[in-house]
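Enquirer: Here it is, the structure, as structure tokens.
The values are calculated or read from the model by the stated rules, or taken from the named source; none is laboratory data. Model, not experiment: these values are computed from the prediction. Every residue, glycine as well, gets a Cβ built from its backbone with ideal geometry; the counts of neighbours run over all protein chains shown. Ligands, DNA and RNA are stripped out before the accessible areas are found, and what is left, the full protein with its side chains, is counted by its heavy atoms. Shrake-Rupley method; radii C 1.70, N 1.55, O 1.52, S 1.80 Å.
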Amino acid sequence: MTVIGLTTYAEPATMLVWQRDFAMLHASYVAATERAGGIAVLLPPQAAEAERAAAEEVLDRLDGLVLTGGADVDPQRYGEAPRERTSPPRALRDEWETALARAALDRDVPLLAVCRGLQIVNVALGGSLHQHLPDLTGHEGHQPGPGVFGAVNVDIKPGTRTAALIGPRVRVSCHHHQAIARLAPGLRVTGHAADGTVEAVEVLGQAFAVGVQWHPEEDSEDTRLFAGLVAAARQHRERRHRDRVGEGGA
């Protein structure tokens, strides 16, 4: 079994007869992981005295990681004050996912970063974000309205892992009003929308660390990104097993 960790929301919600705080995630992420041959495990935001140590312990039990979509990253993490259209911070989730992202990259754990997840990676590595994309592009095509995905064409840079996975051009489902502004060191842009918005990145020097600004889990007929993650995760698990066997025989 190839075990893939999926980060979750931590939000107040109504479910059945309950109005409470929930750790939850769209079922489409779980379904996309299953279609690609992985076993999904949910990773809710949680407080720990040492987030990095907790993240490393979790990653010891995983073969791959998906940083999922959600609310805006706190702008204070990239040295800016929040603007009018920026959502209230989710400090616990920001801390937890930043720790997971850094630990995964340090350990070369296969990583797929989706929408907010891409932004977490960029900010964790020293980049910044455009806090409200329509101020830059003059349109709301990347986020047409609440609960509505925008259909966006993305051109993929040839010769990249992203291109090997999904080809030179894709039409994708987007729901984001923020995007990469300053690209973090160690990231390479691999996809743009027609308006110049960064829609895909890769982390240099990693076996598999791909970020997309869109929502591949929403397309049940296109499993290529999740399949790429699960294949890399399977290789990571096998490599880790060989290393442990080698250490035991030393």
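Enquirer: Which of the numbered conditions does P134 fail, given that it passes all the others? Conditions: (1) closer than 23 Å to T68 by Cβ; (2) touching a residue at least 40 places away in the same chain (Cβ under 8 Å).
Expert: It fails just one condition, (1).
Enquirer: In region 11-32, what residues are out of contact with any helix residue (DSSP H, G or I) (no Cβ under 6 Å at 6 or more places or on another chain) and open to solvent by less than 80 Å² (accessible area, probe 1.4 Å)?
Expert: Scanning region 11-32 gives E11, A13, F22, A23, M24, L25, A27, V30, A31.
Enquirer: While we're here: Just to be sure, is A163 under 27 Å from G5 (Cβ atoms), at pLDDT 95 or above and either of a type outside the set (A, V, I, L, M, F, W, C) or surrounded by fewer than 20 Cβ atoms within 10 Å (Cβ to Cβ) (or both)?
Expert: In short, yes.
Enquirer: Continuing with this model, one more query. What about R35, is it under 20 Å from the mean Cα position of the chain (by Cα), at pLDDT 95 or above, of a type in the set (D, E, K, R) and surrounded by fewer than 17 Cβ atoms within 10 Å (Cβ to Cβ)?
Expert: Considered against the rule, which asks whether it is under 20 Å from the mean Cα position of the chain (by Cα), at pLDDT 95 or above, of a type in the set (D, E, K, R) and surrounded by fewer than 17 Cβ atoms within 10 Å (Cβ to Cβ), R35 comes out as yes.
Enquirer: Still on this model: Please go through region 61-93 and pick out each residue that is open to solvent by 60 Å² or more (accessible area, probe 1.4 Å) and on the phi > 0 side of the Ramachandran plot.
Expert: G79
Enquirer: Of the residues G205, G186, which is open to solvent by 70 Å² or more (accessible area, probe 1.4 Å), farther than 24 Å from G141 by Cβ and touching a Gly at 6+ places or on another chain (Cβ under 8 Å)?
Expert: Selected residue: G205, the only one of G205, G186 that is open to solvent by 70 Å² or more (accessible area, probe 1.4 Å), farther than 24 Å from G141 by Cβ and touching a Gly at 6+ places or on another chain (Cβ under 8 Å).
Enquirer: While we're looking at this one, here's another question. Quickly run through region 149-160 and pick out the residues that are open to solvent by 70 Å² or more (accessible area, probe 1.4 Å) and either farther than 21 Å from Y29 by Cβ or part of a strand (DSSP E or B) (or both).
Expert: If the condition is that a residue be open to solvent by 70 Å² or more (accessible area, probe 1.4 Å) and either farther than 21 Å from Y29 by Cβ or part of a strand (DSSP E or B) (or both), then D155, K157, P158, G159 are the ones that fit.
Enquirer: Separate question: Name every residue in region 38-50 that is under 25 Å from E95 (Cβ atoms) and under 19 Å from the mean Cα position of the chain (by Cα), in order of residue number.
Expert: Within region 38-50, A40, V41, L42, L43, P44, P45, Q46 qualify.
Enquirer: Listed residues M15, M24; which is over 17 Å from the mean Cα position of the chain (by Cα) and either within 21 Å of A124 (Cβ to Cβ) or free of Cβ contacts under 8 Å to residues at least 60 places away in the same chain (or both)?
Expert: Only one candidate passes the filter, namely M15.
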